[in-house]
1. Could you work out the helix-only [θ] at 222 nm for the chain, with each DSSP H run of four or more residues adding -39,500 (n - 2.57) and the total divided by the number of residues, to the nearest 500 deg cm²/dmol?
2. Averaging sequence separations of C-alpha pairs under 8 Å and six or more residues apart, then dividing by the length of region 17-80, give the relative contact order as a whole percent.
3. If you place +1 on the Cβ of every Lys and Arg, -1 on the Cβ of every Asp and Glu, and leave all else neutral, what size is the dipole of region 17-80 about its Cα centre, to the nearest 20 Debye?
4. Kirkwood Rh, Cα Rg: Rg to Rh for region 17-80?
5. Only sites in a loop by DSSP and with at most 13 other Cβ atoms within 10 Å count here; which trypsin sites (Lys or Arg not before Pro) in region 6-66 make the cut?
6. Out of the trypsin sites (Lys or Arg not before Pro) in region 145-193, which ones are loop residues according to DSSP with at most 15 other C-beta atoms within 10 Å?
7. I'd like the distance separating the alpha-carbon centroids of region 176-192 and region 95-141, in whole Å.
8. Might you report the magnitude of the Cβ-based charge dipole of the chain about its Cα centre, with Lys and Arg at +1 and Asp and Glu at -1, to the nearest 20 debye?
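Computed from the coordinates by the stated procedures, all read-outs in this text should not be read as laboratory data. All figures in this text were calculated on a predicted structure; none of them were measured in a lab. Note that each Cβ is placed from the backbone with ideal geometry, even for glycine, and that neighbours are counted across all protein chains shown.
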Amino acid sequence: MSELVVFDLDGVLVDTQYAENGGLAYVGELMGLRISADQADALFAGKKMQECIDLMADLASAPPPPDAMTLARARCEELIGDRLDPIDGVADALTSLDAPLCVASNSPRDLIEKRLSGAGVLHHFGDRLFSAYDAGAWKPDPRLFLWAAARCGAGPADCVVIEDSRVGVDAALAAGMRVLQYTADPSGRPHREGVVTFSEMRALPDLVRAARHTPSRTGFAESRGTA
């Protein structure tokens, strides 16, 4: 394999960050914290759940409930409910991409599979689902991306990573991979200078093709891809 497109999960393929934030905020309430939606985005985006729980414990100066992670995940599932939609346009983008695809996420592997199955896009990835829990490394540590690429037979310079969080962008750059940053807000800024941003998933196949001709880590002109 000479090329690989590596996707994050939440916020890139499926929209569950609001539910995960809500689950964590619920645990925060049990600890005496009141966390707004904007505060949750700033505190939790891209972090593993235990790290978020530990952060809230520091803020509250109180220990979390002993079953904090179970409570947060259960509340998250309640908020998601019975229906999980892929990010708008992502199903078409996955069909149009002409390179092998994989997912590399900070979430547990069973959750990755469940989310992709619920959104109807699991078949695009086969068994190429890579969890930080299996790698023993969480973004922004680049080892998750490097491990996923190696398992798929691709070198770092042959990978294009699709991310939305700062920790994900940092992990991809540290791994020496090209990165495209998805932002649902067309006015969203890149997390790092020079990283291409785009707000329309249907633009992704063209952006991936363009990225193949761009040296990794350098030369990315900022974009608002809407084609």
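1. -12000 deg cm²/dmol
2. Details: 70 pairs, mean separation 31.7, N = 64.
Once divided by the residue count of region 17-80, the mean separation gives 50 percent.
3. Details: 5 positive and 10 negative charges, 6 e Å.
With only Lys, Arg, Asp and Glu charged at Cβ, the dipole is about 20 debye.
4. Using Cα coordinates only, the ratio equals 0.91.
5. On the way: sites: R34, K47, K48; in loops: R34, K47, K48.
Of the trypsin sites (Lys or Arg not before Pro), the ones in loops of region 6-66 whose Cβ has at most 13 other Cβ atoms within 10 Å are R34.
6. Numbers: sites: R151, R166, R178, R192; in loops: R192.
Sparse-neighbourhood loop trypsin sites (Lys or Arg not before Pro): R192.
7. Each part's Cα centre sits 19 Å from the other's.
8. Numbers: 22 positive and 33 negative charges, 111 e Å.
Here the size comes out at about 540 debye.
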